[in-house]
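Peer 1: I have a structure I would like to understand better, so I am pasting it below and will then ask my questions one at a time.
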Amino acid sequence: MCFKELEESFKDHCGIFGIYRTDKKQDSAKITYFGLYALQHRGQESSGIAVNDSGNIIYHKDNGLVNEVFNEVVLNHLKGHSAIGHVRYSTTGKSNRENAQPLVVKYRKGHMALAHNGNLVNAHIIREKLEQEGVIFQTTIDSEVIANLISRNRIKSENIEEAILKTMDEIKGAYSLLILTPNKLIAVRDPYGLRPLVMGKINNNICFASETCALDTVGAEYIRDVEPGEIVSVTKDGIKSIKYGKSFKHLCVFEFIYFARADSYLDGISVYEIRKKLGKQLCRESYVECDIVIGVPDSGTTAAIGYAEEAKIPFSEGFIKNRYIGRTFIKPQQSQREIAVRLKLNPLKSNVAGKRVVLIDDSIVRGTTSRKIIKMLRDTGAREVHLRISSPPVLFPCYYGIDTPDRNELIAANYTPQEIAKILGADSLEYLSLEGLNSVFDNKLQNFCTACFSGKYVTELPENFNKYIFEEGV
């Protein structure tokens, strides 16, 4: 089986941020800009901000990083006391400007802007039904399906919250939403809480974000996480919360393993501490005699620190990471493909040469980048390279907004660890066990989504789901 020379790492869903200023100051777009900047790791293809300007929703969005899309002139134009923003990574199809968010839609009873993080598993079914009824879609993202349903349900509902509840009856999958109307800012989280969403305040101004690191950046105090199945509405009269039927806690466990920034807290749990514990547990399960422990920056660094502490072996920097590579760069020709990896990572020869190395990473997807990194260590003079992964093998694709390939491209689904070690050029390979992962989470792993490891999806998947190529709202 040949694994394609494609990007190795998982790609994140996306990030959302919003603020409602009760003091009516008009700088909500600038605060949202800084909130999105803190969430840039969650999506690097497009970004956008929509603001409420005295009941009118104006917006700006485009392909690019936050600092590429926005400048002082644009932000000064986006005046309003409330705003929502979005950074996006698309997992299928093209990254078109039309698919950038927030989406701004008009309907009979008003207009709204919507930012979505997640992925619906039944979007194709709803979209086909709506198209048969004459609806014309402007994008290829499932976020437009959500916006369309809310608009239609709003026509026959007393308020937008009721329309959202009706929409939640129809949509299935992962979604954290921020919705901006002429007089409200609304946060919504799916009944399983698959995607994160937190609430904070700056004085008496309420804000929402995908992660607490964005709250920290804008100087907001963390209040709490939005609960699974909760609708939180903020108006000039205060905060109102509505719960949707039954709800369950099933936050994506990969938020802790890789996606979230290490300084964030999710459901009150420190991401940094979890990653360190993952490294310690990995060492208990797969200790190997070595001289140094190194991590693949940045995703493997914290787990590597934990592994080194548990093993009582020195942690050392093995690579220098180039932090100035943006969303795109001139890609080398096929004959120069090794340059693409070295543009991002370059090994520290003085630390690696002649050493027995334990290399820690958070996961292996296809194995292409892992193979190149191990080769670099060998070429730099490493005597041995033992690869350790701080999560269980990824055996199943994710349908909730994470960019995972088909199962036949997941290397762990097709080879044993011994075979993978040989393919990658490592002396040995060990993964963290599912039982070990459970122990790190105090034996409460049932409260998280682990479908990519176990194949146990928290929602029912429609028949023939795999045949649909539909771009996530991420």
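The values are calculated or read from the model by the stated rules, or taken from the named source; none is laboratory data. Keep in mind that what you see is a predicted model, and the values were worked out from it rather than measured. Cβ: placed from backbone, ideal geometry, glycine included. Neighbour counts: every protein chain shown. These area figures cover heavy atoms from the full protein model, side chains too; ligands, DNA and RNA do not enter into them. Shrake-Rupley method; radii C 1.70, N 1.55, O 1.52, S 1.80 Å.
Peer 1: Among the residues of the stretch 197-224, write down those that are open to solvent by 10 Å² or more (accessible area, probe 1.4 Å) and closer than 22 Å to G245 by Cβ.
Peer 2: Answer for the stretch 197-224, where residues must be open to solvent by 10 Å² or more (accessible area, probe 1.4 Å) and closer than 22 Å to G245 by Cβ: just R224.
Peer 1: Just to be sure before I move on: is A303 among the aliphatic types (A, V, I, L, M), touching a Pro at 6+ places or on another chain (Cβ under 9 Å) and at negative phi in the structure I sent? Even if it seems obvious, please write down each step before you answer.
Peer 2: Working: among the aliphatic types (A, V, I, L, M): yes; touching a Pro at 6+ places or on another chain (Cβ under 9 Å): no; at negative phi: yes.
Criteria not met by A303.
Peer 1: May I pose another question? Taking the stretch 245-259, which residues are closer than 16 Å to S391 by Cα, open to solvent by 10 Å² or more (accessible area, probe 1.4 Å) and modelled with pLDDT of 95 or more?
Peer 2: If the condition is that a residue be closer than 16 Å to S391 by Cα, open to solvent by 10 Å² or more (accessible area, probe 1.4 Å) and modelled with pLDDT of 95 or more, then C252 is the only one that fits.
Peer 1: Within the stretch 284-300, how many residues turn out to be surrounded by fewer than 24 Cβ atoms within 10 Å (Cβ to Cβ), modelled with pLDDT of 95 or more and closer than 16 Å to I389 by Cβ?
Peer 2: Number of matching residues: 6.
Peer 1: Here is a follow-up. Quick check: anything in the stretch 185-200 over 23 Å from G118 (Cβ atoms) and at pLDDT 95 or above?
Peer 2: no
Peer 1: Further, regarding this structure: Restricting the search to the stretch 184-196, which residues are surrounded by 24 or more Cβ atoms within 10 Å (Cβ to Cβ) and under 25 Å from D53 (Cα atoms)?
Peer 2: Result: L185, I186, A187, V188.
Peer 1: Just checking, how many residues over the stretch 435-453 are open to solvent by 30 Å² or more (accessible area, probe 1.4 Å) and either basic (K, R) or more than 20 Å from the chain's Cα centre (by Cα) (or both)?
Peer 2: Qualifying residue count, the stretch 435-453: 7.
Peer 1: Restricting attention to the stretch 17-39, which residues are under 23 Å from D298 (Cα atoms) and buried (at least 18 other Cβ atoms within 10 Å of the Cβ)?
Peer 2: G35, L36, Y37, A38, L39
Peer 1: For R108, only one of the following conditions fails: (1) open to solvent by less than 60 Å² (accessible area, probe 1.4 Å); (2) touching a helix residue (DSSP H, G or I) at 6+ places or on another chain (Cβ under 6 Å). What is its number?
Peer 2: Here R108 clears every test but (1).
Peer 1: With (1) farther than 12 Å from I364 by Cα; (2) assigned to a loop (DSSP other than H, G, I, E, B); (3) aliphatic (A, V, I, L, M) as the list, and L437 as the residue in question, which single condition is left unmet?
Peer 2: (2)
Peer 1: Related question: Taking the stretch 260-273 on its own, how many of its residues are open to solvent by 10 Å² or more (accessible area, probe 1.4 Å), part of a helix (DSSP H, G or I) and not hydroxyl-bearing (S, T, Y)?
Peer 2: Number satisfying all stated conditions: 1.
Peer 1: Mind telling me which of the residues V69, V87, V51 ends up being buried (at least 24 other Cβ atoms within 10 Å of the Cβ), over 20 Å from G110 (Cβ atoms) and among the β-branched types (V, I, T)? Give the steps one after another, and end with the answer.
Peer 2: Details: V69 fails: buried (at least 24 other Cβ atoms within 10 Å of the Cβ); V51 fails: over 20 Å from G110 (Cβ atoms).
Only one candidate passes the filter, namely V87.
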